[in-house]
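J.: So that we are looking at the same thing, I have put the structure below in structure tokens.
The values are calculated or read from the model by the stated rules, or taken from the named source; none is laboratory data. These figures come from a predicted structure and were not determined experimentally. We place every Cβ from the backbone using ideal geometry, glycine too, and count neighbours over all the protein chains shown.
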Amino acid sequence: MLKDLKFVAGAVGKKEIVQGLTHFRIANKTIKGFNGTIGLCGPIDMDLDITPKAEQFMKAIQTCEDVIALHVTAKGKLSIKSGNFKALVDCLPPENYPEITPEGEKVALNGKLLQAIKSISPFISEDASRAWSRGILFKGQSAYATNNIALVESWLGFDFPITVNVPKAAISELIRINEEPEYLQVSENRITFHFSGNRWLCSQTYSTEWPDLANVLNKESIQSKFPKLLVQCLEDLKPFTDTFDRVNLFKEGRISTSETDDGGAEYFIEDIVNDGSFNRQHLLTVLEVADTIDFTAWPSPCLFYGDNIRGAIIGLRK
């Protein structure tokens, strides 16, 4: 039972913004969680019709070490008994739960998603003023993500059946579940990923009106491998950067947190042969997926390539 609860727990709300979002919905031997953005549903071996407080229910089941007995009390609470342990879980009337169900046309999924979304999910934006950038855009044979400093494209190897922008919350759950969906279900503002065993993940979608991606990515570049030591340098320089988390590259083989030679911290790396200035963390995120990069393009966007990936990163001005 605990495995069934964990599958849907990621869709339980942290706050009761709308009544019911912090509860599970159990009926017809299925269990659902819904936080207002995403919903998860799977089977459960319980023949009850009840809406228990999710956190209380999870902790009670985790405490059970013996056979579990469940029943609904006369006052509408869920009684959980196992050996010498007993708990009463608060419940909502079923009609107060904000029901969510898959809707729309069923669409075949002719390829795998996990590798692509795992590789580009670190680039999803947290910028509330650009809601469109807070998800992964699936379009054609590609998946795109951007944090407004770096843009990255992963090639799926198959035609995604629709153009859709899937929120980060749903992407995080797909990664946590770590199983390839079997097929999709799509409506105007909702997408559902169906898994084996009658389980599904349902999510609202974001706008697919993105900037002109081809204008950024379809450009000539001079790609070259970067010294692997650069990644370690960027990690080591973290305590010494300014409020912009800036690092500077110099042609003479120096990477420094200062634009002069009389402050900050620095490394000498012979293979650094171009000037540049970047946000340290954003550059580090790029180098963790890139095999080659064009530092010669700075201060224009610097294109990079990796395993089934290409992208661009915007630097800082010195």
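J.: For Ala116, all conditions in the list (1) under 26 Å from Tyr144 (Cα atoms); (2) not assigned by TED's automatic domain parsing to the domain that holds Asn147 hold save one; what is the number of the exception?
T.: Every listed condition holds for Ala116 apart from (2).
J.: I need the strands (runs of 3 or more DSSP E) fully contained in the stretch 199-265, keeping only those with at least 1 residues that are not assigned by TED's automatic domain parsing to the domain that holds Leu287.
T.: Those strands (runs of 3 or more DSSP E) span 199-204.
J.: Out of all the residues in the stretch 176-188, which are within 19 Å of the chain's Cα centre (by Cα) and not aliphatic (A, V, I, L, M)?
T.: Arg176, Asn178, Glu179, Glu180, Pro181
J.: For Glu99, which of the numbered conditions (1) under 25 Å from Asn198 (Cβ atoms); (2) in contact with a Pro (Cβ under 8 Å, 6 or more places away or on another chain); (3) in a loop (DSSP other than H, G, I, E, B) fails to hold?
T.: (2)
J.: Give the residue, chosen from Ile124, Ile177, Ile171, Ile191, that is outside the structural domain of Glu55 (by TED's automatic domain parsing), touching a Cys at 6+ places or on another chain (Cβ under 9 Å) and either crowded, with 21+ Cβ neighbours inside 10 Å or not aromatic (Phe, Trp, Tyr) (or both).
T.: Just one listed residue meets the conditions, Ile191.
J.: Within the stretch 21-77, how many residues turn out to be part of a strand (DSSP E or B) and surrounded by fewer than 18 Cβ atoms within 10 Å (Cβ to Cβ)?
T.: Of the residues in that region, 6 qualify.
J.: While we're here: Do we have Thr192 as more than 15 Å from the chain's Cα centre (by Cα), of a type outside the set (Asp, Glu) and assigned to a loop (DSSP other than H, G, I, E, B) here?
T.: no
J.: Could you tell me which residue of the stretch 284-295 is nearest to the chain's Cα centre (by Cα), considering only residues that are within 19 Å of Lys219 (Cβ to Cβ) and part of a helix (DSSP H, G or I)?
T.: Result: Val286.
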